[in-house]
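Student: Below are the structure tokens for one structure; questions will follow.
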Amino acid sequence: MGDPAAFSPPTITPVPMAENTDKRAYQHGIDFLTLPDGTYTLIWASSGEPPAGPLPSGNWTHDIYYAPIDPQQPAIRPVLLIANPEAQEPASAAISSDGHILITMEDGWNTGREVAQRYGVYDAALNPILPYPQLIADGGHSGHVTASGARFVVFYAEGWVDGGGVDGLGSGDDVRVAVYDSEGVLEHRLEVAVGEESRDWWPLAAGSPERVLLLWQRFVPQETYSRLMFALLDAEAGRLVVDAVMLEEAVQYYTYDAVFVPSLNRFLVTGAQLGGVGFACLLDEEGKVVAFKTGLPAPVRESQIILRDGIGETLAAQPVAPSGIMVLRLRPENIQLKYRLGDDYVWESSGVDGIFLSPDTLYLVATSPAGLVEKTVILP
């Protein structure tokens, strides 16, 4: 175990709320983007700054904010980018190889089918190129974006089936892909898992320059877990090179993430198995699982993998439940738990991301009902 003193104190003050309030109603979705000049932009969705939470009617109202982050002196100064009645959340953003940024979100504003997946494209300074609101799909939801070279891939769900899932609320129905060039012009649409045979949703994506790993959960009738599925996309050709394959039999709902590791030419997937045990696996660009490790700490729901790549050994850090961080050592065909750092701060499940400020300094930002929480971690 690491020294708890390696963490900075929490920066939030508790706010009163009803016990059954979904904390994602305050803030939901957060991404760090690395800019061409070596600085970063933080993008997130929040019901105001500080967040106000749901309306008395129960409706959610989120807007999209950003903050430039200087790794020499990280500080969050929110700038409002996108605002409309009803919620634009969860925020998901990616930056292309030519420095353009696509931001996508599930949008409750002015839709024909209750929600819509929308997007906007901006330059590295968040000046508009093809600004919000651009429509991906009326009825689309839960979408996330990644970049593959100079293209953007938005992986999103469509449809809803009542019953089962988390708290019996139901599940998404289908998952689809839209591929855009770096100006936001649509190039391809694909069906990934569509039809009556399965219920599929919460789609995530991780992009290499050549391929995109598509990751999602599949409903299992009468069970409280999901199957973790993946497919592999050639974004330029607009075709699946690997169709839907089960990666893990029993995964906690919403508790998985994926990232491409450039130095290893591998995709890394982490998640929580049924029973709260963590796992991690490496896949090559042909979709072959080349390493799999279980018995790890379980990641926090909607937390992201944070890479240290290209400096010494390749490390992957991620918040774990209920508190602390695990750090994995990665090799092309091997995963090891390097250490787990402890702390007394309990993570929320509405989004955490981070960056390495230096080889041994990790900076994390977490969403919470009281606003963004900043944490600085010094690795042993």
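Student: Among the residues of the range 256-294, write down those that are touching a Cys at 6+ places or on another chain (Cβ under 7 Å) and either buried (at least 22 other Cβ atoms within 10 Å of the Cβ) or within 22 Å of residue 95 (Cβ to Cβ) (or both).
Tutor: Matches in the range 256-294: 269 only.
Student: Also, I was wondering about something else. Restricting to the range 54-67, count the residues that are under 21 Å from the mean Cα position of the chain (by Cα), in a loop (DSSP other than H, G, I, E, B) and of a type outside the set (Ser, Thr, Tyr).
Tutor: 2
Student: While we're looking at this one, here's another question. For residues in the range 132-165 being closer than 24 Å to residue 100 by Cα and aromatic (Phe, Trp, Tyr), which is farthest from the chain's Cα centre (by Cα)?
Tutor: Ranking the qualifying residues of the range 132-165, first place goes to 132.
Student: What tally of residues in the range 83-95 results from selecting those that are touching an Asp or Glu at 6+ places or on another chain (Cβ under 8 Å) and in a strand (DSSP E or B)?
Tutor: Selection size over the range 83-95: 7.
Student: Hey, among 207, 184, 149, which residue is in contact with a Leu (Cβ under 6 Å, 6 or more places away or on another chain), under 25 Å from residue 236 (Cα atoms) and either at pLDDT 95 or above or among the charged types (D, E, K, R) (or both)?
Tutor: Result of the check over 207, 184, 149: 184.
Student: State all residues of the range 333-348 that are in contact with an Asp or Glu (Cβ under 9 Å, 6 or more places away or on another chain), surrounded by fewer than 21 Cβ atoms within 10 Å (Cβ to Cβ) and either in contact (Cβ under 8 Å) with a residue 60 or more places away in the chain or of a type in the set (S, T, N, Q) (or both); if no residue qualifies, say none.
Tutor: 342
Student: Restricting the search to the range 291-315, which residues are closer than 20 Å to residue 251 by Cα and in a strand (DSSP E or B)?
Tutor: 291, 292, 293, 294, 295, 296, 299, 303
Student: Would you say residue 38 is farther than 18 Å from residue 351 by Cα, in contact with a helix residue (DSSP H, G or I) (Cβ under 9 Å, 6 or more places away or on another chain) and not acidic (Asp, Glu)?
Tutor: no
Student: Taking the stated definitions as given, is residue 166 modelled with pLDDT under 95 and among the β-branched types (Val, Ile, Thr)?
Tutor: Answer is yes for this residue.
Student: Also, I was wondering about something else. Collect the residues in the range 219-231 that are in a strand (DSSP E or B) and surrounded by fewer than 20 Cβ atoms within 10 Å (Cβ to Cβ), keeping them in residue-number order.
Tutor: Correct list: 227 only.
Student: Looking at (1) in a strand (DSSP E or B); (2) farther than 27 Å from residue 160 by Cβ; (3) acidic (Asp, Glu), which one does residue 249 not meet, given that it meets all the others?
Tutor: Single failed check for residue 249: (2).
Student: Let me ask you something else. Give the range 96-116 a look and list any residue that's outside any loop (DSSP other than H, G, I, E, B) and surrounded by fewer than 24 Cβ atoms within 10 Å (Cβ to Cβ), or say none.
Tutor: Within the range 96-116, just 116 meets the criteria.
The values are calculated or read from the model by the stated rules, or taken from the named source; none is laboratory data. Note that the structure is a prediction, hence the values are computed from the model and not measured. We place every Cβ from the backbone using ideal geometry, glycine too, and count neighbours over all the protein chains shown.
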